[in-house]
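See structure below.
The values are calculated or read from the model by the stated rules, or taken from the named source; none is laboratory data. Please read all numbers here as calculations on a predicted model, not as lab measurements. Because the Cβ atoms are built from the backbone with ideal geometry, glycine has one as well, and the counts that use them run over all protein chains shown.
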Amino acid sequence: MNLDVLIGLIGIGVLLLLFATGIELGFAMMIVGAAGFACVTNPHAAMNILAKDLFDTAANYGFTVFPLFMLMGQIGFVAGMAGRLYDIAHKWLGHIPGGLAMATVVGATAFKAICGSSGATTATFTAIAVPQMDRFGYDKRLSTGIVATVGTLGVLIPPSVVLIIYGIITEQSIGKLFMAGLLPGLVIAIFFLVTIYGWCRIRPEAAPGSTPATWKERWSALPGAIWIAVIFLIVIGGILLGYFTPTEAGGVGAFAVLLLALFQKDLTFKKYVASMKETVRTSGMVMMLIAGSMVLGHFITATMIPQIAADWIVSLPLNRHLILILILFIYILGGSFVEDLAFIILATPIFFPAVVKLGFDPIWFGIALGVVLMIGIVIPPVAVCVFIVSNMTKVPIGTIYRGVMPFLIALVIAMILLFIFPQFALWLPSLFFK
Amino acid sequence: MTEADRLVVWRKVAKVSESLSVVSGIAATFVMLLTVVDVLGRAVRHPIVGSYEIIALTGAILIGFGMPFTTTSGSHVFMELLITKLPRSIATGMNVATRILCFLLFAVAGVNIFRFAGELARAGEVSPTLKIPVYPFAYMFGVCCFLQCLVFVFAVFRCFEKEGGHR
């Protein structure tokens, strides 16, 4: 075996050991990346790479897209827009069996149009929707299971932070990824609605109907949602028509949500500062992961591991779809021990060349990875959204997992559909990007 | 230093980090407003010249000054699966070791970013359109790395607290 490859493999092993010590993942990637690069090239070059990668990640026009889209979501979050959207969905759907759970899906899907954070969505809807469902005697498994699952919709529905990260790592168009994620994201939301409907048909006592709203109340609630739809269309439409770069779309979107919140008198200076702090906090976390992956990426590339792995994977005597399933399974397995998003950042530079060599569309693979991430977020042992719900509602984690299972089936069906019909993800981008 | 003293010092460090994050917040607001003005200006054929490079350089301020706050608020992603299951003394030892590693990382990064900034200054590296010198931003980012080092120094002391540890 080539010495560089051996150093690379030892580096990956050391990295996994470092992860186990509880060190911040981004910093571990920087340490191993710099040390490994020093071994493969020389210490001076490694120090240069560390300094340059850190600074270039921060001072990068394309990467400012994160803070801006996060700001957009955080302003919407502190201004209580999720509550407003849930209220609208509640008025339209609340009276039918399972309606409050369905309202949670519809409200969260609409909120996802401005907020890309799974954790924030889950926390918001746990606070808003679970007490309502409790009041009408919903089964705890359904009420907690659905709020734990809806947070995952943001992985595919634009503006998705995950798709932006994937786009940056693999140098794919973020606009194309946004378009590719939209249809699967909406279809998965519909699958969630169908799952709730099926659950209520089988066990009607799990979700009784609540007090119906009058038609006047329903129509008068609608304008609140229309403005959010308008902002979504401006942001995504601007990217699609080539009028905005994704960074500009983030800036315009954040400003539009700020104006809307001010207009609706939902935003105070204190709330704005809170949204800003959260934006800075989360951006710092994501940027350190990216900087870490940049340094590590330079090391891994210097060892030739991605090319060798790609050649080896392609030469396996297996059907290419089976190979891809194995790769995605590695993502699920890896994401079960390392945080899912961090594992995507870590593993994608290694597997991406192989996936492209196997003939899969890079945009399609991004969406498939998104669905894998959605599954990873809600399955044990590291199920962030489930932990948030359990922490907030004091419902045992086991109960929430049981509630999540039916929705997990919906996600698996979506994945199968993606495999059978790649156009499920690629049709919209093909319409807008010739 | 007693545990109470350590906690007081840590709170001060956290407060300073939070204050620095205000600079980041202002940078984020500036980027948002600049983007909007640029887009609107483009609609009337008066875009802001060099907006991309201003945004990129402001990004260094946004991320640099936000780094210590992200750390003191425990927002970085880490794997807690194993560390939470270990006996307290071993977990504390591991936390101390990782804090020291992180301190060394940012010390090395800071020194090398300073060197990099010096090279940029010597080469007269400026942004393409507005000709803004890049080196002051690199020096600033290096300073932020050293601030991050300070956070890790105090985080080492926090590891010995009865409850909590460094996160």
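Some points to look at:
- For segment A:302-348, a tally of residues being part of a helix (DSSP H, G or I), within 14 Å of another protein chain (Cβ to nearest Cβ) and within 23 Å of residue A:168 (Cα to Cα) returns 9.
- Among the candidates B:58, B:35, B:29, B:71, residue that is within 28 Å of residue A:28 (Cα to Cα), without any contact (Cβ under 8 Å) to a residue 40 or more places away in the chain and assigned to a helix (DSSP H, G or I): B:58
- Matching residues in segment A:378-404 - criterion: being in a helix (DSSP H, G or I) and under 30 Å from residue A:320 (Cβ atoms): A:378
- Set side by side, the residues A:238, A:251 differ, and just one is over 30 Å from residue B:71 (Cβ atoms), within 12 Å of chain B (Cβ to nearest Cβ) and at pLDDT 85 or above, which is A:238.
- Within segment A:280-301, the set of residues being within 14 Å of chain B (Cβ to nearest Cβ) and either among the small types (Gly, Ala, Ser) or surrounded by fewer than 19 Cβ atoms within 10 Å (Cβ to Cβ) (or both) comprises A:283, A:284, A:291, A:292, A:293.
- Positions within segment B:49-90 being surrounded by fewer than 19 Cβ atoms within 10 Å (Cβ to Cβ), out of contact with any His (no Cβ under 9 Å at 6 or more places or on another chain) and either of a type in the set (Asp, Glu) or more than 7 Å from chain A (Cβ to nearest Cβ) (or both), in sequence order: B:49, B:50, B:80, B:84, B:85, B:86, B:87, B:88, B:89, B:90
- Single residue of B:107, B:117, B:97, B:121 found to be in contact with a helix residue (DSSP H, G or I) (Cβ under 6 Å, 6 or more places away or on another chain) and within 11 Å of another protein chain (Cβ to nearest Cβ): B:117
- Conditions (1) more than 7 Å from chain A (Cβ to nearest Cβ); (2) touching a residue at least 12 places away in the same chain (Cβ under 8 Å); (3) at negative phi: number failed by residue B:46: (2)
- Conditions (1) within 26 Å of residue A:120 (Cβ to Cβ); (2) part of a helix (DSSP H, G or I): number failed by residue A:355: (1)
- With respect to the conditions (1) more than 9 Å from every other protein chain (Cβ to nearest Cβ); (2) surrounded by fewer than 22 Cβ atoms within 10 Å (Cβ to Cβ); (3) under 21 Å from the mean Cα position of the chain (by Cα); (4) touching a residue at least 12 places away in the same chain (Cβ under 8 Å), residue B:17 falls short on a single one, namely (2).
- Looking only at segment A:280-308, residues that are polar (S, T, N, Q) and over 24 Å from residue B:23 (Cβ atoms) come to 4 in all.
- Check on residue A:5, part of a helix (DSSP H, G or I), within 14 Å of residue A:291 (Cα to Cα), in contact (Cβ under 8 Å) with a residue 60 or more places away in the chain and more than 10 Å from chain B (Cβ to nearest Cβ): no
- Residue that is surrounded by the fewest Cβ atoms within 10 Å (Cβ to Cβ) [pool: residues in segment A:18-53 that are within 9 Å of chain B (Cβ to nearest Cβ) and small (Gly, Ala, Ser)]: A:20
- Residue in segment A:265-279 that is without any contact (Cβ under 8 Å) to a residue 60 or more places away in the chain, surrounded by 23 or more Cβ atoms within 10 Å (Cβ to Cβ), within 12 Å of another protein chain (Cβ to nearest Cβ) and among the charged types (D, E, K, R) present: no
- Check on residue A:347, surrounded by fewer than 24 Cβ atoms within 10 Å (Cβ to Cβ) and either at pLDDT 90 or above or at positive phi (or both): no
- Set B:129, B:92: member being at negative phi, among the polar types (S, T, N, Q) and not in a loop (DSSP other than H, G, I, E, B): B:92
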